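The values are calculated or read from the model by the stated rules, or taken from the named source; none is laboratory data. Keep in mind the model is a prediction, meaning the values are calculated, not measured. Using ideal geometry, Cβ is built from the backbone for each residue, glycine included, and neighbour counts are taken over all protein chains shown. Accessible surface areas use protein heavy atoms only, side chains included; no ligands, DNA or RNA. Shrake-Rupley method; radii C 1.70, N 1.55, O 1.52, S 1.80 Å.
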Amino acid sequence: MIPTSRRLLLSALILAPLTACSTRPPVSEEEGPPPDLPPLPDVRRIVLTHVKSGETADVIYFHNNGYDPRAMQKIELLLRDRRTGQVGRIDPLLMDFMFDLLQRTGLPPTTVVQVTDGFRSPGTNADLVRDNPNAARESYHLQGRAMDFKVPLLPGPALGEIAKTMQRGGAAYYPSTGHTHIDTGPNRTWKTR
């Protein structure tokens, strides 16, 4: 008979490679290291317009090694919840995502981005989830980390495909409405209608 300590050692040696290969859960995208993003210019300008109201924010939102608080306030006002009027904080990285997307398409920073949706209050989001199968319960719009938009100079499907490759967050094109969605959540995409 093999002593208990030897039996445990033999079991460990035999089972270790098998358990290492078979039962380990996959690493989620959120746990992985952040991608190496290309550097952006020291001065960043964005031109946003709200389609229905016609309001425009043409701002240099990044300069002197930081995000300009007054420019971000103008962006936040433009991206406010249009049903309630509530203004929410907008993630500056969302503007970097949009800026980088325009830059990668070869368009200048003066290109007008037509915003259809930005920040959402919980009530507005709940209404959208009830009425729209494309709306998410845990939407990044609630955190000021998402926007839906069109760029008239580029086809929506192309914008969506380019945004998906950028590794700056979530991206999808919605053919039913013709808008592109970007957010600063984990890198991912999803099926749309």
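General observations
- Scanning the range 51-94 for residues that are surrounded by 14 or more Cβ atoms within 10 Å (Cβ to Cβ), among the charged types (D, E, K, R) and under 15 Å from VAL115 (Cβ atoms) returns GLU55, ASP58, LYS74, GLU76, ARG80, ASP81, ARG82, ASP91.
- Of the set (1) modelled with pLDDT under 90; (2) over 13 Å from the mean Cα position of the chain (by Cα), all apply to SER139 but (2).
- Checking every residue in the range 173-181 against the condition of being under 25 Å from LYS74 (Cβ atoms), at pLDDT 95 or above and touching a His at 6+ places or on another chain (Cβ under 7 Å) gives zero matches.
- Test result for PHE97, open to solvent by less than 60 Å² (accessible area, probe 1.4 Å), free of Cβ contacts under 8 Å to residues at least 60 places away in the same chain and among the aromatic types (Phe, Trp, Tyr): no
- Residues within the range 55-84 that are acidic (Asp, Glu) and assigned to a strand (DSSP E or B), tallied: 1
- Of everything listed in (1) crowded, with 18+ Cβ neighbours inside 10 Å; (2) without any contact (Cβ under 8 Å) to a residue 40 or more places away in the chain; (3) of a type in the set (Val, Ile, Thr), the single unmet condition for ILE182 is (2).
- Boolean, VAL87 is farther than 14 Å from HIS181 by Cα and of a type outside the set (Lys, Arg): yes
- Boolean, GLY169 is more than 23 Å from SER53 (Cβ to Cβ), in contact (Cβ under 8 Å) with a residue 12 or more places away in the chain, within 12 Å of the chain's Cα centre (by Cα) and open to solvent by less than 10 Å² (accessible area, probe 1.4 Å): yes
- Screening the candidates ASP148, ASP127 for the property of being of a type in the set (D, E, K, R) and open to solvent by less than 20 Å² (accessible area, probe 1.4 Å) yields one hit, ASP148.
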